[in-house]
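Chemist: Below is one structure. I have some questions about it.
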Amino acid sequence: MAAVIDISGEYGYVALVLVLYIFLNVWMAIQVGKARKRYKVPYPALYAVESENKDAKIFNCIQRGHQNSIEFMPVFFVTLLLGGIRHPILASGLGTIYVVARFFYFKGYASGVPENRLKIGRLNFLALLGLVICTASFSVNLLLHDLI
């Protein structure tokens, strides 16, 4: 038997968090573009080579801060959107924490001292774990609905 999924109006908060993250991602991409010009790292090079560019470390930290955020984006989006169906307020709260922590993760990385990314930025991993639990709850609820 198929389960009917009822999406509450509170799911709008989940969608807003998704939009907030899109804006953050665009902002990070702009920061990388500015760093490309500032530190003279031409396309198509993804990273600067330290033997060729005295500013390679700072550029690479900026680039890596954005790249890491892109790598986690699919997991964040899926867990936010699915977990938010059953737990819209909790998921949007965790999603907001994730977005804010990702901002600080990027700023810390972009400082040129990679360890700085974890000062506040480490909270993104806890928020993501919470979203995974929300998604697991949604999944289990769907499975149990079919059993009853």
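The values are calculated or read from the model by the stated rules, or taken from the named source; none is laboratory data. Just so it is clear, the structure is predicted and the values come from calculations on it, not from any experiment. Positions of Cβ are generated from backbone atoms using ideal geometry, with glycine treated the same way; all protein chains shown enter the neighbour counts.
Chemist: Would you mind stating whether VAL75 is under 30 Å from LEU144 (Cβ atoms) and in contact with a Gly (Cβ under 8 Å, 6 or more places away or on another chain)?
Modeler: In short, no.
Chemist: Report yes if ASN68 is part of a helix (DSSP H, G or I), within 24 Å of GLY33 (Cα to Cα) and modelled with pLDDT under 95, otherwise no.
Modeler: Working: part of a helix (DSSP H, G or I): yes; within 24 Å of GLY33 (Cα to Cα): yes; modelled with pLDDT under 95: no.
Judged against the criteria, ASN68 is not a match.
Chemist: Okay, moving on. Would you mention how many residues in the range 7-34 are at pLDDT 95 or above, in contact with a Pro (Cβ under 7 Å, 6 or more places away or on another chain) and either among the hydroxyl-bearing types (Ser, Thr, Tyr) or surrounded by fewer than 17 Cβ atoms within 10 Å (Cβ to Cβ) (or both)?
Modeler: 3
Chemist: Next question. With the requirement that a residue be surrounded by fewer than 13 Cβ atoms within 10 Å (Cβ to Cβ) and closer than 21 Å to GLU71 by Cα, what does the range 35-60 give you?
Modeler: Passing the criteria: TYR43, PRO44, LEU46.
Chemist: Return yes when ARG102 is within 27 Å of SER139 (Cβ to Cβ) and surrounded by 18 or more Cβ atoms within 10 Å (Cβ to Cβ) and no when it is not.
Modeler: Details: within 27 Å of SER139 (Cβ to Cβ): yes; surrounded by 18 or more Cβ atoms within 10 Å (Cβ to Cβ): yes.
Against the criterion (within 27 Å of SER139 (Cβ to Cβ) and surrounded by 18 or more Cβ atoms within 10 Å (Cβ to Cβ)), ARG102 qualifies.
Chemist: Under 6 Å between Cβ atoms, at least 6 apart or on separate chains: pull out the pairs that start in the range 110-137 with a residue that is farther than 28 Å from ILE89 by Cβ and assigned to a helix (DSSP H, G or I) and end on any residue that is modelled with pLDDT of 95 or more and aliphatic (A, V, I, L, M).
Modeler: Taking only residues 6 or more apart or on different chains, the pairs are ALA110/ILE62.
Chemist: Restricting attention to the range 13-51, which residues are within 27 Å of PHE76 (Cα to Cα), touching a residue at least 12 places away in the same chain (Cβ under 8 Å) and small (Gly, Ala, Ser)?
Modeler: Those that are within 27 Å of PHE76 (Cα to Cα), touching a residue at least 12 places away in the same chain (Cβ under 8 Å) and small (Gly, Ala, Ser): ALA29, ALA35.
Chemist: All but one of (1) under 24 Å from ALA29 (Cα atoms); (2) touching a Gly at 6+ places or on another chain (Cβ under 6 Å); (3) crowded, with 21+ Cβ neighbours inside 10 Å hold for GLY95; which doesn't?
Modeler: It is condition (2) that GLY95 fails.
Chemist: Picking from ILE89, ILE62, which residue would you name as being among the β-branched types (Val, Ile, Thr) and more than 21 Å from TRP27 (Cα to Cα)? Don't jump to the end; show me each part of the working.
Modeler: On the way: ILE62 fails: more than 21 Å from TRP27 (Cα to Cα).
After ruling out the rest, the residue left standing is ILE89.
Chemist: Continuing with this model, one more query. Just to check your reading of the model, which residue among LEU80, LEU123, LEU129, LEU90 is surrounded by fewer than 16 Cβ atoms within 10 Å (Cβ to Cβ), within 17 Å of the chain's Cα centre (by Cα), aliphatic (A, V, I, L, M) and at pLDDT 95 or above?
Modeler: Details: LEU80 fails: surrounded by fewer than 16 Cβ atoms within 10 Å (Cβ to Cβ); LEU123 fails: surrounded by fewer than 16 Cβ atoms within 10 Å (Cβ to Cβ); LEU90 fails: surrounded by fewer than 16 Cβ atoms within 10 Å (Cβ to Cβ).
After ruling out the rest, the residue left standing is LEU129.
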